[in-house]
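Inspection log for the structure reproduced underneath, given as C-alpha cells.
The values are calculated or read from the model by the stated rules, or taken from the named source; none is laboratory data. For clarity, every value in this text was computed on a predicted model and none was experimentally measured. Neighbour counts run over all protein chains shown; Cβ positions are idealised from the backbone, glycine included.
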Amino acid sequence: MGKYLIAITGASGSVYGLRTMGALAAGGHEVHAIVSPWGDHVIHEETGRPFSSWIKELGLCRDRVYAPGDLAAGPSSGSFALDGMVIVPCSMNSAGSIASGIAGNLIHRCALVSLKEGRPLILVPRETPLSLLDLRKLTSLAEAGAVILPASPAFYQKPQDIDGLVDFIAGKILSRLGLEQRLFEAWGSPLKNSPWGSEAARGQP
C-alpha cells in the first residue's frame, strides 16, 4: 500500500479532495492530510460541515492531519517519504506561490519538497475561465514536473448525479498516481462490484 499526502485549499470543489481521501483510505493506503484555513471554510460552505467532522468518516487518522501553519511537520522534510502528493482543489493563489518557489504554508512547502525530490505531485485547479497569468503559473508548474489535472469531469460514463461527477475526478487522480481506480467505468471497461464506489468509501460528501 502507498503513502499519500492530500491537501485541500480554498478553491471551490472541496468534495473532490474529500472523495480522494476517502477512496485512498478505503483502498488501504496511508493518507496524510492538510487543509488550509480557506479550504476548511469552503468545505463548511459546500458540505455544511467543517473538515474536522469528516476525519473519522473518511477513515483518516487525526495524527496524520497537519496544521497548515506547522512548517515543522514531518511532510515538510524530504526525508519524509511519500508516494505522491495531491492538491485538490488547488487555488490559483496556491499555484502561484508554488510556481514562484514560495513556501508560505505547509501545503506550499510540501509541494516544493515533492518537486525537488522528484515525487509525483498532482494539482487539481478548479477555476474558469483561466487568465493568461493562471495559464503561465500552471505551465511553469508542469515544466517543473507537476501534473496539472483540471477538475473537468467527463460524461461518457453517464453520471446519474453529482457524486458521479466527483467520482470521475477522484478516479482520474488515483489513476494518475498509478493506482487502480473503481470509482467510475473507464472507457470500454465495465465497472463491476466496486467497493470504492460505495457510500462508505465516498465518505458521503
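Tallying residues that are within 19 Å of Gly13 (Cα to Cα) and among the aromatic types (Phe, Trp, Tyr) within the stretch 130-167 yields 1. In the stretch 110-127, the residue that is modelled with the highest pLDDT out of those that are over 10 Å from Met85 (Cα atoms) and assigned to a loop (DSSP other than H, G, I, E, B) is Gly118.
Given the structure, is Ile43 of a type in the set (Val, Ile, Thr) and farther than 17 Å from Val166 by Cα? Before the answer, list the steps.
Working: of a type in the set (Val, Ile, Thr): yes; farther than 17 Å from Val166 by Cα: no.
Taking the combined requirement at face value, the residue does not satisfy it.
Condition first: closer than 18 Å to Leu106 by Cβ and touching a helix residue (DSSP H, G or I) at 6+ places or on another chain (Cβ under 8 Å). Now tell me which residues in the stretch 31-51 satisfy that. Those that are closer than 18 Å to Leu106 by Cβ and touching a helix residue (DSSP H, G or I) at 6+ places or on another chain (Cβ under 8 Å): Val31, His32, Ala33, Ile34, Val35, Ser36, Gly39, Asp40, Val42, Ile43, Phe51.
Of all the listed residues (Ala201, Ala170), the sole one being in contact with a helix residue (DSSP H, G or I) (Cβ under 7 Å, 6 or more places away or on another chain), assigned to a helix (DSSP H, G or I), within 27 Å of Pro50 (Cα to Cα) and at pLDDT below 85 is Ala201.
For the stretch 24-58, the set of residues classified as closer than 15 Å to Tyr4 by Cα and outside any loop (DSSP other than H, G, I, E, B) consists of Leu24, Ala25, Ala26, Glu30, Val31, His32, Ala33, Ile34, Val35, listed by residue number. Applying the condition of being touching a residue at least 12 places away in the same chain (Cβ under 8 Å) and hydroxyl-bearing (Ser, Thr, Tyr) to the stretch 110-151 and asking which residue is surrounded by the fewest Cβ atoms within 10 Å (Cβ to Cβ) yields Ser140. Residue count for the stretch 51-69 satisfying the condition of being in contact with a strand residue (DSSP E or B) (Cβ under 9 Å, 6 or more places away or on another chain) and not aliphatic (A, V, I, L, M): 7. Taking every residue in the stretch 155-177 that is more than 11 Å from Thr20 (Cα to Cα) and pairing it with any residue that is surrounded by 16 or more Cβ atoms within 10 Å (Cβ to Cβ) and of a type in the set (D, E, K, R), at least 6 positions away or on another chain, the pairs with Cβ-Cβ distances below 7 Å are Gln157/Glu185; Asp163/Arg202.
Any chance you could count how many residues in the stretch 139-164 are part of a loop (DSSP other than H, G, I, E, B) and of a type outside the set (Ser, Thr, Tyr)? If you could, list the steps in order and put the result at the bottom.
Initially, the stretch 139-164 is screened for residues part of a loop (DSSP other than H, G, I, E, B), giving 144-146, 149-161.
After this cut, where a residue has to be of a type outside the set (Ser, Thr, Tyr) as well, the list is 144-146, 149-151, 153-155, 157-161.
Of the residues in the stretch 139-164, 14 are part of a loop (DSSP other than H, G, I, E, B) and of a type outside the set (Ser, Thr, Tyr).
Among the conditions (1) closer than 30 Å to Met1 by Cα; (2) free of Cβ contacts under 8 Å to residues at least 40 places away in the same chain; (3) surrounded by fewer than 19 Cβ atoms within 10 Å (Cβ to Cβ); (4) out of contact with any Asp or Glu (no Cβ under 7 Å at 6 or more places or on another chain), the only one that Asp83 does not satisfy is (2).
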